[in-house]
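The values are calculated or read from the model by the stated rules, or taken from the named source; none is laboratory data. It should be emphasised that the depicted structure is a prediction, and the values quoted were computed from it without experimental measurement. Counting neighbours? That spans all protein chains shown, and the Cβs are built from the backbone with ideal geometry, glycine included. Surface areas here come from the heavy atoms of the whole protein model, side chains and all, with no ligands, DNA or RNA. Shrake-Rupley method; radii C 1.70, N 1.55, O 1.52, S 1.80 Å.
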Amino acid sequence: SALLAHAPPLANHDPRGRGGASVSGETCMSVVPRVWNHPRAWSSASAPAPFPKSTDRAFRLFRGAAVPRVGIHTRYPAHTATAMANNRTPITYQATGEWYDGEIKRFVRLDNEHPPPRGGVLFVGSSIFREWRETRDFGNDFHPLPVLNRAFGGSTAYEQLLPTVMDATVFPHDPSVLVYYCGSNDLNEGLSPSHICDSFARWSLQVRKRSTNDAVEILFVSINRAPQKQPVWQALDETNALIKKFCHETKGHTFVDVNPLLFQPNADGDDAGSETENENETNPETETYKNQTPRRELFRDDGLHFNPGGYSAWMPVVQAAVFEAWERATGGGGETVDRVPRAAAEDDRRRRG
């Protein structure tokens with residue numbers, strides 16, 4: 001993309017800086033000041049210790065073309081041996097004492113023990129996606145597409161961009177479609193909209209560089225205007241606007257706006273199908289909502305995370321975008337896929353029967 005032609009090297013990116021480089025020109029430049037600073041709570045004392053050097057050396061031995069034969073005296077974790085037996089290069093992750101080490105190591109173990117198919121649909125991001133995986137039958141929500149969810153709660157856009165994280169959660173799966181939800185925690189930490197947009201743009205650049213599919217599709221699901229986020233709604237709206245512009249101008253990118261589903265139909269409480277103007281429509285210049293009343297019944301008590309009803313209301317827009325992206329990325333995938341999740345299709349057949 002022309003927007004990334006003048007992007008500075010990844011190594012020079014400072015995620016905690018406040019002046020900030022832009023992806024290109026003014027694409028990710030922000031005029032909104034930091035609104036608040038509420039860092040996530042974590043303790044380095046509770047972080048798991050790094051792998052012993054002997055294990056680290058063993059992992060490095062696997063990076064050559066030849067894979068050693070697995071025997072009873074081979075000093076490799078069982079899940080690594082399973083991946084080798086399946087003729088898959090084992091996924092590795094070197095713990096560095098970060099708060100998310102345990103979660104990434106769990107993903108690595110699962111994917112080495114039961115390697116998912118490459119070229120599917122990969123979801124990455126923070127707790128909104130992670131809890132979708134834990135609250136619902138995630139695979140059924142996208143049946144029959146091959147979906148994999150590797151989101152971990154509390155993550156920031158910058159952490160998603162880290163090479164160690166991408167090497168463990170993205171590149172081994174070589175997905176045809178990637179669905180991204182992150183940036184909410186960055187706002188809590190006081191990072192500017194331009195930094196969040198910049199992190200996502202760099203992340204997408206790395207994906208396209210490493211993908212074997214020239215038609216890879218990347219979807220950014222808009223950051224939720226949750227009630228708990230009201231102090232940073234202005235910065236949140238600008239972040240979404242910057243990333244929406246980036247997606248519009250970059251091939252293979254789609255901005256999926258779910259926020260209209262999270263607000264009351266309009267200020268007067270009329271039905272959405274009435275002739276009155278839909279107050280959930282966004283102003284094309286400011287991208288701010290006229291109606292400032294969120295549907296609190298969709299959220300848990302924390303005002304941030306969805307309850308099951310929230311996912312039910314939010315999900316159809318994401319589902320539709322994913323199925324459309326899959327068809328673009330795979331050229332239709334040969335057979336036309338059923339866009340209706342399996343459970344919904346069965347319910348429909350019972351009603352008609």
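Remarks
- Matching residues in segment 129-144 - criterion: being closer than 23 Å to residue 200 by Cβ and open to solvent by 10 Å² or more (accessible area, probe 1.4 Å): 130, 131, 133, 138
- Given (1) open to solvent by less than 20 Å² (accessible area, probe 1.4 Å); (2) at pLDDT below 80, number of the condition residue 256 does not satisfy: (2)
- Any hit, segment 205-220, residues being of a type in the set (Gly, Ala, Ser), in a helix (DSSP H, G or I) and either touching a residue at least 40 places away in the same chain (Cβ under 8 Å) or open to solvent by 10 Å² or more (accessible area, probe 1.4 Å) (or both): no
- Of all residues in segment 127-156, those that are of a type in the set (Phe, Trp, Tyr) and more than 18 Å from residue 182 (Cβ to Cβ) total 1.
- Search result, residues across segment 132-190 that are within 25 Å of residue 229 (Cβ to Cβ) and of a type in the set (Asp, Glu): 134, 141, 159, 186, 189
- Search result, residues across segment 300-315 that are assigned to a helix (DSSP H, G or I) and in contact (Cβ under 8 Å) with a residue 12 or more places away in the chain: 308, 309, 310, 311, 313, 314, 315
- Candidates 150, 106, 118 - the one that is closer than 27 Å to residue 192 by Cα and open to solvent by 10 Å² or more (accessible area, probe 1.4 Å): 150
- Residues in segment 320-330 that are out of contact with any Asp or Glu (no Cβ under 7 Å at 6 or more places or on another chain) and either in a loop (DSSP other than H, G, I, E, B) or open to solvent by 10 Å² or more (accessible area, probe 1.4 Å) (or both): 320, 321, 324, 326, 327, 330.
- Selection of segment 253-265 for residues being out of contact with any Lys or Arg (no Cβ under 7 Å at 6 or more places or on another chain) and either among the aliphatic types (A, V, I, L, M) or not in a strand (DSSP E or B) (or both) yields 256, 257, 258, 260, 261, 265.
A quick yes/no check of all residues on (1) aromatic (Phe, Trp, Tyr); (2) without any contact (Cβ under 8 Å) to a residue 40 or more places away in the chain; (3) out of contact with any Asp or Glu (no Cβ under 8 Å at 6 or more places or on another chain):
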residue: 120; (1), (2), (3): no, no, yes
residue: 127; (1), (2), (3): no, no, yes
residue: 134; (1), (2), (3): no, yes, yes
residue: 138; (1), (2), (3): yes, yes, yes
residue: 143; (1), (2), (3): no, no, no
residue: 149; (1), (2), (3): no, yes, yes
residue: 155; (1), (2), (3): no, no, yes
residue: 166; (1), (2), (3): no, no, yes
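- Matching residues, segment 221-243, being hydrophobic (A, V, I, L, M, F, W, C) and surrounded by 21 or more Cβ atoms within 10 Å (Cβ to Cβ): 221, 223, 226, 232, 235, 236, 241, 242, 243
- Qualifying residue in segment 183-199 (condition: open to solvent by 10 Å² or more (accessible area, probe 1.4 Å), within 20 Å of residue 101 (Cβ to Cβ) and either among the aliphatic types (A, V, I, L, M) or part of a helix (DSSP H, G or I) (or both)): yes
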